[in-house]
Amino acid sequence: MAISASHGFFRSTVGKKYLMGLAGLIWAGFVLTHMAGNLLIFVSSDAYNMYSYALTSNKLIYVAEAGLVAALVLHVVLAINLTLQNRSSKGTRYAVKAKGEKKARFASTTMGIQGSVILAFVIYHLATFKYGTYYETNVNGVVMRDLFRLMVEVFQSPAYVVWYLVSLVLLGFHLSHGVGSVFQSFGWMNGRYQPMLRKLSVVYAIVVAAGFIAQPVYIYLVLGQG
Ligand code: HEM
């Protein structure tokens, strides 16, 4: 009984938005930790390489990666599904356009465009780093992948740096709007916490985007050979 009720909920528009938000939150948590961990490039090449070596040599990484892939697929499939559903119901359900519909449509269209660019970014990003050139280094007698060297090499290209900056600014907008919408789906945006939650989503998005942006910029400007 309870199972079929929840099954029904996740088939409804509200339920799909809820699930899509939950899947997005998994990525929101990931990007925050990914950005924070990467800040080790400001410490030293060894510190960064040791950190990524510790992460990748832990068997739990496969569980985390599978979770991320599942959450991404769910998020994208539900986003497409909700957009199509929204489009097909337009014009039939409302004879008069509801107030704010234009604004809502603007937000959802730009979310779709942002999401598509971010998806392209993630795929290209994995090809560049995760599956990119395998340099090796030796830190305190331990042979490990030299991801720091790969990063410095990649961010010598101004085109690559600009592509990162554009994608990361879009990521910032996507996170700010997305995290705010999740709070809305959870029903937390009605009470007195609304202004605080809205601020929290904006501050969080700025921290993630700015923390990431600082990395290619620092490498290009400070560690660049050009
Ligand atoms: C300045 C920005 C960024 C830099 C310098 C950076 C750097 C890296 C590096 C070096 C790796 C390889 C790690 C490894 O294989 O051990 C990596 C992996 C990854 N990055 Fe980024 N990243 C950035 C932004 C992002 C963003 C914005 C996203 C997502 C929206 C992202 C998603 C990922 C994912 C999913 C992986 C693979 C993790 C795994 O499967 O182990 N990265 N990143």
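Taken across segment 144-157, residues that are within 19 Å of the chain's Cα centre (by Cα) and either part of a helix (DSSP H, G or I) or among the aromatic types (Phe, Trp, Tyr) (or both) do not occur at all.
Please work out if LEU175 is within 12 Å of the ligand (Cβ to nearest atom), closer than 22 Å to LEU78 by Cα and either assigned to a helix (DSSP H, G or I) or within 18 Å of the chain's Cα centre (by Cα) (or both). Give the steps one after another, and end with the answer.
Values: within 12 Å of the ligand (Cβ to nearest atom): yes; closer than 22 Å to LEU78 by Cα: yes; either assigned to a helix (DSSP H, G or I) or within 18 Å of the chain's Cα centre (by Cα) (or both): yes.
For LEU175, the condition - within 12 Å of the ligand (Cβ to nearest atom), closer than 22 Å to LEU78 by Cα and either assigned to a helix (DSSP H, G or I) or within 18 Å of the chain's Cα centre (by Cα) (or both) - is met.
Across segment 108-143, which residue is nearest to GLY172 (Cα to Cα) among those that are more than 9 Å from the ligand (Cβ to nearest atom) and loosely packed, with under 11 Cβ neighbours inside 10 Å? So, considering only residues that are more than 9 Å from the ligand (Cβ to nearest atom) and loosely packed, with under 11 Cβ neighbours inside 10 Å, the one nearest to GLY172 (Cα to Cα) is ILE123.
State the number of residues belonging to segment 189-201 that are of a type outside the set (Gly, Ala, Ser) and surrounded by fewer than 14 Cβ atoms within 10 Å (Cβ to Cβ). Walk me through it before giving the result.
Within segment 189-201, the subset of a type outside the set (Gly, Ala, Ser) is 189-190, 192-200.
Retained after the next criterion (residues that are surrounded by fewer than 14 Cβ atoms within 10 Å (Cβ to Cβ)): 190, 192-193, 195-196, 199.
Looking only at that region, the number is 6.
Return the residues of segment 45-93 that are surrounded by 12 or more Cβ atoms within 10 Å (Cβ to Cβ), within 11 Å of the ligand (Cβ to nearest atom) and more than 30 Å from TYR218 (Cα to Cα); say none if nothing qualifies. Within segment 45-93, GLY67, ALA71 meet the criteria. Per the listing TYR204, TYR218, the residue uniquely of a type in the set (Phe, Trp, Tyr), under 24 Å from ALA79 (Cβ atoms), in contact (Cβ under 8 Å) with a residue 40 or more places away in the chain and surrounded by 14 or more Cβ atoms within 10 Å (Cβ to Cβ) is TYR204.
Here, each number is a calculation from the coordinates, and none is a lab measurement. Keep in mind it's a predicted model, so treat the numbers as computed, not measured. In this analysis, Cβ positions are derived from the backbone assuming ideal geometry, glycine residues included, and neighbour counts consider all displayed protein chains.
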